[in-house]
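Q: Below are the structure tokens for one structure; questions will follow.
The values are calculated or read from the model by the stated rules, or taken from the named source; none is laboratory data. Keep in mind it's a predicted model, so treat the numbers as computed, not measured. Glycine gets a Cβ as well: all are built from the backbone with ideal geometry, and neighbour counts include every protein chain shown. Side chains are part of the model used for accessible areas, which takes the heavy atoms of the whole protein and leaves out ligands, DNA and RNA. Shrake-Rupley method; radii C 1.70, N 1.55, O 1.52, S 1.80 Å.
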Amino acid sequence: MFFQKANEYFMNSSDKIRYFFEEDAVGSDGSLLKNKHTALNKIGHALHWFSPEYKKFTFSKEIQDVARDIVGFKKPVVVQSMIIFKPPNIGAKVEPHQDLTYLYTNPPKLTGFWLALEDATLENGCMWFVPGSHKDGIKARYRRTPDKDSLKMAYDGAQPSPNEDEWVSAPVPKGSLVLIDGAVVHKSEKNLSDKSRQIYTFHVAESENTKWDELNWLQPTAELSFPELFR
């Protein structure tokens, strides 16, 4: 029952601002093992619409210019947003993955906008990328199973597992904006330092001649359809 409630809380968060704890911060009975202020993994997934400050940034002219002139979007929509805290000592490792595995469009056209709210270093869990991996196709899909109304999710295919020598670290200072192609393989290591690595990130998908997959975990709702970036 605890798992089911937790799963529903996540799956129905596309049009809400909800809070998610680090795995190492929660006991088997659901009680917090850490101070609540340092136990959060992330807040998601509609900050871009319901938080005035993050909405202002997400739909700013500067972001619109990047989306249009650098990424090449024609009719982009914002599909989700998150603050990821990566708290000291317990900030979880993020395994190698491609964002299009979880947020698939046909044809594939998705970009993550990743803003460093603090310095991201090798010590506190900066991003790592496999250069050129965006050209190799999507290795796995994470879909609703057996149909679009299900809350059960399953992987179709194996997640990428690059060799260690393929990875390149990407430490960046506070205030840096990193663009993440939806097909590029990336990861981050666990934060074992005494400093957090907070970031704000949102994903933008093309909507012109592009279809959002109805089996993605994240779906538009009557409360919040995916808003157009070029408003």
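Q: In Å², what does the accessible area per residue of the chain work out to with a 1.4 Å probe? Walk me through the numbers on the way to the answer.
A: On the way: 12080 Å² over 231 residues.
I get 52 Å² per residue for the chain.
Q: Over the chain, with a single point scatterer placed on each C-alpha, what log10 of the ratio I(q)/I(0) does the Debye formula yield at q = 0.12 1/Å?
A: Computed log10 I(q)/I(0) values: -0.68.
Q: Quick query: amide H of ALA120 versus all other amide H atoms, modeled in the peptide plane; which residues come in under 5 Å with a sequence gap of 5 or more or a different chain?
A: The answer is VAL172, LYS174.
Q: Then there is this: Mean separation of Cα pairs under 8 Å and 6+ residues apart, divided by the residue count of the chain: what relative contact order is that in percent?
A: Relative contact order here is 31 percent.
Q: Still on this structure, please answer the following. Which length gain, in nm to one decimal place, applies between GLU23 and ALA154 when the Cα-Cα distance is subtracted from 0.36 nm times their residue separation?
A: On the way: separation 131, 0.36 × 131 = 47.16 nm, distance 2.03 nm.
Once the chain is fully extended between GLU23 and ALA154, it gains 45.1 nm.
Q: May I pose another question? Amide H to amide H under 5 Å from LYS75: which residues, 5+ apart in sequence or cross-chain, H placed 1.01 Å off N in plane?
A: Here the answer is SER207, GLU208, since their amide H atoms fall under 5 Å of that of LYS75.
Q: I've got another one for you. Just order 171-181, 156-166, 104-114 by mean Cβ neighbour count inside 10 Å, highest at the front, would you? Working shown, then result.
A: Working: 171-181: 14.9, 156-166: 10.9, 104-114: 19.0.
Going by the mean number of other Cβ atoms within 10 Å, highest first, we get 104-114, 171-181, 156-166.
Q: At a Cα cut-off below 18 Å, give the lysines reachable from LYS148, other chains included and same-chain residues fewer than 8 away excluded.
A: Candidates past the 8-residue exclusion: LYS211.
Q: When the accessible area of the chain is computed with all protein chains present and a 1.4 Å probe, what percentage of it is carbon and sulfur?
A: Details: 6270 of 12080 Å².
The nonpolar share, carbon plus sulfur, comes to 52 percent.
Q: Just to check I understand the Karplus step: with θ = phi - 60° and J = 6.51 cos²θ - 1.76 cosθ + 1.60, what whole-Hz values come out for region 24-34, glycine and proline as x?
A: Once rounded to whole Hz, the list reads 6, 9, 10, x, 5, 8, x, 7, 6, 9, 10.
Q: Further question on the same structure: Going by amide H atoms built from the backbone, whose H comes under 5 Å of the H on LEU40, apart from near neighbours?
A: For LEU40, whose amide H was placed from the backbone, the distant partners under 5 Å are GLU22.
Q: Separate question: Shape verdict for region 46-180, please, from the Cα gyration tensor: rounded (a/c under 1.5), prolate (a/b greater than b/c) or oblate. Don't skip to the answer; put the middle values down first.
A: Working: a/c = 1.38, a/b = 1.08, b/c = 1.28.
Since a/c stays below 1.5, the shape of region 46-180 is classed as rounded.
Q: Each residue of region 48-53 in turn: what ³J(HN,Hα) in whole Hz from Karplus with 6.51, -1.76, 1.60 and θ = phi - 60°, glycine and Pro shown as x?
A: Ordered by residue, 3J(HN,Hα) equals 5, 10, 9, 9, x, 5 Hz.
Q: Here's a follow-up. Residue by residue through region 98-109, which ³J(HN,Hα) values in whole Hz follow from phi under the Karplus form 6.51 cos²θ - 1.76 cosθ + 1.60 (θ = phi - 60°), with glycine and proline marked x?
A: With the stated coefficients, region 98-109 comes to 10, 5, 5, 4, 9, 10, 8, 10, 10, x, x, 7 Hz.
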